[in-house]
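Okay, structure first, notes after.
We did not get these values from a lab; they are worked out from the coordinates using the rules stated. Owing to the predicted nature of the structure, the values given are computational and were not obtained by experimental measurement. Cβ sites come from the backbone with ideal geometry, for glycine too, and all protein chains shown count toward neighbours.
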Amino acid sequence: MKAQKFTLLIVDDSEDDLFLLTRAFEKHTAVYRIQTAPSGNEAVAYIEGKGKYADRKAYEFPSYIVTDLKMPDGDGFEILSRIRGNKALSIMPVIMLSASADSDDIRQAYEFGASAYFVKPPTAEALDALALKIHDYWSACEVPEVDSEGVALMTISEGKASARFHPPKQ
């Protein structure tokens, strides 16, 4: 089911990159409610609805996350680890957008469950183009329904292709 609204969480320790990314996504569409976090630990608090992020009207659960990889106070791997370690949250797309083109970083990001990995473009124009591609792709994808806390809603698999993965409870 396509998301009817988009709350995008952008995570980066660089204020300049946060500004440029926010501007790039806002430029292409008005449907986003963009939230930002300056570190991986702050992003995890947002995702888990802890502290100031407990108010889900003010801090809606993100439809997807665009995160930097290398940050002090919790990096992109920490975000992936926490999300992928929680089955109820593991359906959330997480896109790495890093200055690192290191093959080990890229491999590790995918092993931890990144939905995509991009190297930060060198110009604002290239960043705008990448934001448009990311938006176009994720806004066209079908996504599972979630509640206001981001927990995937239960479905009835009986008689469907996915039934073999969700046997009836006894």
**OP:** Read phi for every residue in segment 41-48 and hand back ³J(HN,Hα) as whole Hz from Karplus 6.51 cos²θ - 1.76 cosθ + 1.60, θ = phi - 60°, with x for Gly and Pro.
**Re:** 5, 5, 5, 4, 4, 4, 4, 7
**OP:** Select from Y117, A161, T67 the residue farthest towards the positive end of the dipole of segment 6-165; place +1 on Cβ of Lys and Arg, -1 on Cβ of Asp and Glu, and compute about the Cα centre.
**Re:** A161
Subject >> For T123, T7, order by how many other beta-carbon atoms lie within 10 Å, fewest first >> reply: T123, T7
Original post:
Where does each of I79, I91 land when they are ranked from fewest to most other beta-carbon atoms within 10 angstrom?
Top reply: I91, I79
**OP:** Would you mind ranking V11, V146 by Cβ crowding within 10 Å, fewest neighbours first?
**Re:** V146, V11
